[in-house]
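*Asks:* Dropping the structure in here first, questions after.
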């Protein structure tokens, strides 16, 4: 059967599909931190796990009281929308509809996006976790944004469900990532690999870490000793495993996945996350 590659990203299907095409990948991708499973070929959403309006609106109310100045954006099936004060990370990509968060959370939310001009990203993330507890899943992957999905919705849970549908055992899965929203995915996979410059939370759960060879990528373990998974009871012997699924967190390093897959070269710049 060979190795099947799956991109798993915080990005929407509209962002991820062109990256998959550029890398020569077809089939299925996991988007919006696990909230959406998307079929590139059929151009349709297979699974949508939204944050319910009542929960989203309660969070908006709570954060406005706890962190005045917080601004919201929102990924929905109908497209991305944001409050008037929301600052697009890449303004040149097109106009964004602007309405108040209590209006756009009246329908199910794929992913709620938060930003604050003064609060550090880690503090805003901690505040969401304190306010909402187990009602939501909060994560981040860069650019100062905090992303909120429905409870239990993350890259790891979506990957587990996809592998169950494909009848692929977790022991046959290699997952590679770099940011905190990849932790659940690396923790679930049979072999979790962190890139050498990954966030500390990712390095802490990774079984192995890449070196910084050849355009930033190298073989896992080539530049660092394998790292034990925290809190995992079973012993790892990744050199004896034959993987049938390769999974890559795609939030900061899209272009380099081609090197890992089959040494294809590309000069295209990575797509940018909203």
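The values are calculated or read from the model by the stated rules, or taken from the named source; none is laboratory data. Quick caveat, the model's predicted, so the values are computed rather than measured. Methodologically, a virtual Cβ is constructed for each residue, glycine included, from the backbone with ideal geometry; neighbour enumeration extends over all protein chains shown.
*Asks:* Looking at region 140-169, which of its residues are modelled with pLDDT under 95, crowded, with 20+ Cβ neighbours inside 10 Å and assigned by TED's automatic domain parsing to the domain that holds residue 71?
*Replies:* Those that are modelled with pLDDT under 95, crowded, with 20+ Cβ neighbours inside 10 Å and assigned by TED's automatic domain parsing to the domain that holds residue 71: 140, 141, 145.
*Asks:* Can you report the number of residues in region 180-201 which are buried (at least 19 other Cβ atoms within 10 Å of the Cβ) and under 12 Å from residue 139 (Cβ atoms)?
*Replies:* Count: 7.
*Asks:* Within region 64-100, count every residue that is under 23 Å from the mean Cα position of the chain (by Cα) and touching a residue at least 40 places away in the same chain (Cβ under 8 Å).
*Replies:* So the count comes out to 10.
*Asks:* Same structure, new question: Would you check if residue 43 is within 24 Å of residue 152 (Cβ to Cβ) and out of contact with any strand residue (DSSP E or B) (no Cβ under 9 Å at 6 or more places or on another chain)?
*Replies:* no
*Asks:* Can you confirm whether residue 172 is closer than 30 Å to residue 3 by Cα and surrounded by fewer than 24 Cβ atoms within 10 Å (Cβ to Cβ)?
*Replies:* In short, yes.
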